[in-house]
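Quick notes on the structure that follows.
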Amino acid sequence: MPVLEVNALSKIYEGKISTIALQGVSFRMERGEFVGVMGPSGSGKTTLLNVIATIDEPTSGRVAIDGRELHRMSEEEAALFRRRELGFIFQHFNLLDTLTIEENIVLPLTLDGTPVREMENRSTAIAGKLGIRELMKKYAFEVSGGEMQKTAIARAMIHRPSLILADEPTGNLDSKSSREVMEAFSFLNQEEQATIFMVTHDAVAASYCHRVIFIKDGRFYNEIYRGSNRQAFFQKIIDMLSLLGGDTYDLSTIRL
Ligand code: ADP
């Protein structure tokens, strides 16, 4: 069974002038897959992410995670499902400044009443893999942007959710930190068999994915697979972006 199944998904924002944000989008993700979504500004990426996250309702079509249809659940069921089966990573990290790195990481387990010893074991293990173990007792505001995002990645994964949703995770980082974060991310993807869906504008970040889906005007446009060479994949992504058009890619800041 696929982890994520999106089928004929459409979203229309009704108003004086209605906007078709998504139109018949379908794709699947298998366990352990790392998928990027790219497209020009206004192409429907955020809408897609929000509908998958059950933050927004689709107009028609279906989203299933582990075979369960989110939009058919009651609000309480959906809230519990989100907390247990989804992990979120945001552009602005969304850590709690009044908590330490360790406390931020274990937050999803705290909410679920996991025993302290198990929380410690899991947080130590994941922080070790991300190279942030020595920062555990610091407060979130005392570490760098890259370290904050690694903390957010640990937090999104610690409860072993079915699916991790990342929204522009490198959008607020310099090139060096971006690369470190993406390397950590792809290492954890392999180690933990984490299934990751990432919206990004950043072609370098996207080059760490197994597959990149391109959308345009709310429709599926194309998808490309990485294969073994990340540099070659990066070039294919750049080529696809220039084919796609749109003015939001600042190709002058490209970094490999
Ligand atoms: P992207 O993330 O690719 O920039 P969005 O998903 O944010 O694209 O937007 C897709 C389209 O839907 C755009 O035309 C946008 O203006 C419109 N849209 C997004 N959110 C809303 C909303 N809450 N109400 C009305 N229109 C919206």
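To keep it simple, each residue is scored yes or no on (1) farther than 17 Å from residue 192 by Cα; (2) free of Cβ contacts under 8 Å to residues at least 40 places away in the same chain; (3) in a loop (DSSP other than H, G, I, E, B); (4) under 23 Å from the mean Cα position of the chain (by Cα).
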position: 92; (1), (2), (3), (4): yes, no, yes, yes
position: 104; (1), (2), (3), (4): yes, no, no, yes
position: 117; (1), (2), (3), (4): yes, yes, no, no
position: 125; (1), (2), (3), (4): no, yes, no, yes
position: 128; (1), (2), (3), (4): no, yes, no, yes
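Within region 38-55, if we keep just the residues that are assigned to a loop (DSSP other than H, G, I, E, B) and more than 8 Å from the ligand (Cβ to nearest atom), the residue that is nearest to residue 222 (Cα to Cα) turns out to be 53.
Identify all residues within region 1-37 that are among the aliphatic types (A, V, I, L, M), over 14 Å from residue 210 (Cβ atoms) and crowded, with 20+ Cβ neighbours inside 10 Å; write none if there are none. Walk me through how you get there before you give the answer.
Applying the first criterion (among the aliphatic types (A, V, I, L, M)) to region 1-37 yields 1, 3-4, 6, 8-9, 12, 17, 20-22, 25, 29, 35, 37.
So of that shortlist, the ones also over 14 Å from residue 210 (Cβ atoms) come out as 1, 6, 8-9, 12, 17, 20-22, 25.
The answer is 6, 9, 21, 22, 25.
Could you tell me whether region 214-223 includes any residue that is outside any strand (DSSP E or B), crowded, with 21+ Cβ neighbours inside 10 Å, within 15 Å of the ligand (Cβ to nearest atom) and acidic (Asp, Glu)? No: region 214-223 contains no residue that is outside any strand (DSSP E or B), crowded, with 21+ Cβ neighbours inside 10 Å, within 15 Å of the ligand (Cβ to nearest atom) and acidic (Asp, Glu). When region 208-232 is filtered for residues that are out of contact with any Gly (no Cβ under 6 Å at 6 or more places or on another chain), over 13 Å from residue 35 (Cβ atoms) and touching a residue at least 12 places away in the same chain (Cβ under 8 Å), the ones remaining, listed by number, are 217, 219, 221, 222, 230, 231.
Tell me yes or no: at least one residue of region 142-157 is surrounded by fewer than 22 Cβ atoms within 10 Å (Cβ to Cβ), touching a helix residue (DSSP H, G or I) at 6+ places or on another chain (Cβ under 6 Å), part of a helix (DSSP H, G or I) and among the hydroxyl-bearing types (Ser, Thr, Tyr). No, there is no match, as no residue in region 142-157 is surrounded by fewer than 22 Cβ atoms within 10 Å (Cβ to Cβ), touching a helix residue (DSSP H, G or I) at 6+ places or on another chain (Cβ under 6 Å), part of a helix (DSSP H, G or I) and among the hydroxyl-bearing types (Ser, Thr, Tyr).
Residue by residue through region 44-95, note down the ones that are among the basic types (Lys, Arg) and touching a Leu at 6+ places or on another chain (Cβ under 8 Å). Steps first, please.
Taking region 44-95 as the starting set, the residues that turn out to be among the basic types (Lys, Arg) are 45, 62, 68, 72, 82-84.
Within region 44-95, 62, 83 qualify.
Please go through region 133-164 and pick out each residue that is of a type in the set (Val, Ile, Thr) and under 20 Å from the mean Cα position of the chain (by Cα). 151, 153, 158, 164, listed by residue number.
Listed residues 61, 24; which is on the phi > 0 side of the Ramachandran plot, touching a Phe, Trp or Tyr at 6+ places or on another chain (Cβ under 8 Å) and modelled with pLDDT of 95 or more?
Values: 61 fails: touching a Phe, Trp or Tyr at 6+ places or on another chain (Cβ under 8 Å).
Just one listed residue meets the conditions, 24.
The single condition from (1) at pLDDT 95 or above; (2) assigned to a loop (DSSP other than H, G, I, E, B) that residue 10 fails is (2).
The values are calculated or read from the model by the stated rules, or taken from the named source; none is laboratory data. Just so we're clear, the structure is a prediction, and the values are computed from it rather than from any experiment. Methodologically, a virtual Cβ is constructed for each residue, glycine included, from the backbone with ideal geometry; neighbour enumeration extends over all protein chains shown.
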